[in-house]
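Below: one structure, written as structure tokens.
The values are calculated or read from the model by the stated rules, or taken from the named source; none is laboratory data. Everything numeric here is computed off the predicted structure, so don't read it as measured data. FYI the Cβ positions are ideal-geometry reconstructions off the backbone, even for glycines, and counts take in every protein chain you see.
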Amino acid sequence: MPTLATKANTLLLKDLWDDAEAEKLASNPLALLRYRSNLLGADLRITNFGGGNTSSKFEMADPFTGKPVRILAVKGSGGDIGSIRESGFAQLYFDRLVQLKGIYRGESLEDEMVSFYPLSAFGENKVAASIDTALHGFLPYDHVDHLHPDWAIAIAASANGQRKMEEFNKEFGRKIVWLPWQRPGFELALMLEKANADNPGADGIILGSHGLFTWGNTQRECYVNSIETIDQMGQFIQAHERRKGAIFGGIDKPALPNREDVAAQILPALRGVASSNRRQIAHYADHGDALDFAGSNWAKELCGLGTSCPDHFLRTRISPMFVDWNPATESIDALKKRIAEEAVAYRETYAHYYHSWARPDSPKLKPLRHRHPRPRSLRLRQEQEGSTHHHRVLYQRHSRHGRCSGA
């Protein structure tokens, strides 16, 4: 007879595999963790590429004794849940992770705890455990998702986020606990553990300006909890948007009907500027949300405020570079010139920020360079997916480095 957990896990798989394959995968907790992670990572509204992490606690045969031992499997440092495979999860002895509480010397020394994670590795697993490992380990649930969905971040990063979270819980009958922002690390893991213990029956925890933690005692329960929570937060945000009307202060510069032509003309120059230290692949997006923000009255001010969550920081550094251009009165050449000028100022500002906070052991920034050979040609291709949605893929050829493509 399959266990209750196995039955629930099989239900999670029933739409993708036949019964035999589903039963087989449901009996492999690591494979099912990979499957759950890939489902969550397939939708960028749930978490951006490389962001968020997932985990499971289950029993494996100890290679030393052959007896069952409880382990924690968690997404390895730098991995992507959308494409991760079973080999990408760090695996640790769960009891050794718990024992680290006894040698923890306080928040000022919490970084030293990361060095103990490799010493807690299970078997031959050599995947680097991320700084979020203890966050998953100390929550008393078999399966935990830590995600950065746009809708959750909209609440978490708001000045009145805690009050809005209370409104959300009341409206949807949920119990998502608010926890003020804390630097990711061992101290946060202990804070999460306490917040859960202080709120019996909690459905999840939202960390101010950071992200969402949800859980379950089966893979399916965890997945459904995550999806339903994010979906309900979306409904909450969209209802707020309908009441407020115009977002980002309203539209200042409407989107150009020939914006693809403009993108094709400026992309070689833009990519050249961005590739002066490290060659980059360009991606062009003109979906509605991007246009509403870029053309809004508040766009420049909001860019200057910086990012709203860690996932965004990974892609825009402390803040995105904003280039002000009026297509009604200014030429393409003027835009190219302004991009080059803004890039110089942006790099200098970022270098100043970095050096202001760097420690003796921090990685060294590469020397600033502002010139780079310009790509020779550009070809714009549209690839249709379905009947209404398009991904625009830009290809560039460099005289020495062949073809680079971005999607």
In the stretch 186-208, how many residues are in contact with a Lys or Arg (Cβ under 7 Å, 6 or more places away or on another chain) and buried (at least 21 other Cβ atoms within 10 Å of the Cβ)? 0
Sole miss for E171 among (1) in contact with a helix residue (DSSP H, G or I) (Cβ under 8 Å, 6 or more places away or on another chain); (2) modelled with pLDDT under 95; (3) surrounded by fewer than 16 Cβ atoms within 10 Å (Cβ to Cβ) is condition (2)
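Every residue, every condition in (1) free of Cβ contacts under 8 Å to residues at least 60 places away in the same chain; (2) not in a loop (DSSP other than H, G, I, E, B), yes or no:
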position	(1), (2)
A152	no, yes
R163	yes, yes
F168	no, yes
W178	yes, yes
R183	yes, no
L190	no, yes
A195	yes, yes
N199	yes, no
A202	yes, no
Report yes if some residue within the stretch 311-330 is at pLDDT below 75 and among the small types (G, A, S); otherwise report no. no
Can you tell me which residues in the stretch 184-242 are of a type in the set (F, W, Y) and over 17 Å from A157 (Cβ atoms)? F186, W215, Y223
Helices (runs of 4 or more DSSP H) wholly in the stretch 209-309 with at least 3 residues that are at pLDDT below 90 and crowded, with 18+ Cβ neighbours inside 10 Å - which ones? none
Return the residues of the stretch 100-159 that are over 24 Å from S308 (Cα atoms) and of a type in the set (F, W, Y); say none if nothing qualifies. Y104, F116, Y117, F122, F138, Y141
Taking C309 as the residue in question, decide whether it is among the hydrophobic types (A, V, I, L, M, F, W, C) and over 22 Å from L335 (Cβ atoms). yes
Selection from the stretch 310-343 of residues that are surrounded by 14 or more Cβ atoms within 10 Å (Cβ to Cβ) and over 24 Å from the mean Cα position of the chain (by Cα): V323, W325, P327, I332, L335, K336, R338, I339, A340, E342, A343
Return yes when L109 is without any contact (Cβ under 8 Å) to a residue 60 or more places away in the chain, surrounded by 14 or more Cβ atoms within 10 Å (Cβ to Cβ) and of a type outside the set (V, I, T) and no when it is not. no
Being part of a loop (DSSP other than H, G, I, E, B) and either of a type in the set (K, R) or over 14 Å from the mean Cα position of the chain (by Cα) (or both) is the filter here, so list the residues in the stretch 48-83 that pass it. D62, P63, F64, T65, G66, K67
Output the qualifying pairs, or none if there are none: Cβ atoms under 7 angstrom, residues six or more apart or on different chains, first residue in the stretch 46-72 and basic (K, R), second residue surrounded by 14 or more Cβ atoms within 10 Å (Cβ to Cβ) and assigned to a loop (DSSP other than H, G, I, E, B). K57/D142
Could you list, in sequence order, the residues of the stretch 71-85 that are at negative phi and surrounded by fewer than 15 Cβ atoms within 10 Å (Cβ to Cβ)? S83, R85
Just give me the residues in the stretch 84-105 being closer than 16 Å to L119 by Cβ and under 22 Å from the mean Cα position of the chain (by Cα), in sequence order. A90, Q91
All positions within the stretch 337-379 that are over 30 Å from D111 (Cα atoms), at pLDDT 90 or above and of a type outside the set (V, I, T): K337, R338, A340, E341, E342, A343, A345, Y346
